[in-house]
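Okay, so here's the structure we're looking at.
The values are calculated or read from the model by the stated rules, or taken from the named source; none is laboratory data. Nothing here was measured: the structure is a model prediction, and the numbers come from that model. Counting neighbours? That spans all protein chains shown, and the Cβs are built from the backbone with ideal geometry, glycine included.
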Amino acid sequence: MIEMEDTIVFNDMEIPLSNHLIRESITKKYIIDASVVFKWYYKKGEEDLENAKLLYDLLNSKDSILLAPEHLVYEILNILRLKKEISTGIVNNIISELYDVILFVAVDSELFRKAFAFSRDLNVSFYDSIYIALSAKYSAPIITADNKLYQSGRNISQKPLLLSELDSL
């Protein structure tokens, strides 16, 4: 059981858990996927860049919390490793910034079970089903630029949002 004196670390600051929970209860929550985050850092040949920037600005407004599974970082770094024009120094800055602006959620055994069920039921990749399971757990819509993930999640309680629909936030 969590005692209210407990603290959490967010944005490299230790804050009382009770303060965080109060803030979270009045703040809009969204699950963000790698297809959107990638557009913050790589613009060559990408669509919906204006909406990606709007979302990034929204994130920095403190009116919203963006949640993502830990594997989002793996997905971003796996793509960036192929973009030789992005230096290691810039990648290091991206890694730091990701941990400053997104609240990463650890995936536990229960979330894995739910994600696996969504993966089978919705016929989506297991990686994408983790975003869907987080959406269900936190009652927060997924924001994605991945049309397949968007289509797969249209029948779940928290309807996903396409990045191109950002004006609906």
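So residue 35 fits all but one of (1) at pLDDT below 90; (2) in contact with a strand residue (DSSP E or B) (Cβ under 9 Å, 6 or more places away or on another chain); (3) of a type in the set (Ser, Thr, Tyr); what number is the exception?
With respect to (1) at pLDDT below 90; (2) in contact with a strand residue (DSSP E or B) (Cβ under 9 Å, 6 or more places away or on another chain); (3) of a type in the set (Ser, Thr, Tyr), residue 35 is out only on (1).
Within region 29-50, work out how many residues are small (Gly, Ala, Ser), in a loop (DSSP other than H, G, I, E, B) and closer than 15 Å to residue 165 by Cα.
Result for region 29-50: 0.
Which members of region 105-132 meet the condition of being under 17 Å from residue 65 (Cα atoms) and free of Cβ contacts under 8 Å to residues at least 60 places away in the same chain?
105, 106, 132
Just name the residue that is modelled with the highest pLDDT out of those in region 10-28 that are assigned to a strand (DSSP E or B) and of a type outside the set (Asp, Glu). Break it down stepwise before answering.
Step one: of region 10-28, the residues assigned to a strand (DSSP E or B) are 10, 13-16, 28.
From what is left, the residues that are of a type outside the set (Asp, Glu) are 10, 13, 15-16, 28.
Numbers: 10: 59, 13: 65, 15: 64, 16: 67, 28: 82.
Within region 10-28, the match that is modelled with the highest pLDDT is 28.
How many of the residues making up region 131-154 are aromatic (Phe, Trp, Tyr) and out of contact with any Asp or Glu (no Cβ under 7 Å at 6 or more places or on another chain)?
Count: 2.
Of the residues 87, 129, which is within 22 Å of residue 159 (Cα to Cα) and either among the polar types (S, T, N, Q) or in contact with a Ser or Thr (Cβ under 6 Å, 6 or more places away or on another chain) (or both)?
129
Listed here are the residues, each with its yes/no results for (1) among the charged types (D, E, K, R); (2) outside any helix (DSSP H, G or I); (3) closer than 27 Å to residue 42 by Cα.
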site	(1), (2), (3)
113	yes, no, no
117	no, no, no
129	no, no, yes
135	no, no, yes
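Out of all the residues in region 89-109, which are part of a helix (DSSP H, G or I), modelled with pLDDT under 95 and farther than 18 Å from residue 39 by Cα?
Of everything in region 89-109, just one residue is part of a helix (DSSP H, G or I), modelled with pLDDT under 95 and farther than 18 Å from residue 39 by Cα, namely 109.
Could you list all residues from region 130-145 that are surrounded by 20 or more Cβ atoms within 10 Å (Cβ to Cβ) and either at pLDDT below 85 or more than 13 Å from residue 52 (Cβ to Cβ) (or both)?
Matches in region 130-145: 130, 131, 132, 133, 134, 135, 141, 142.
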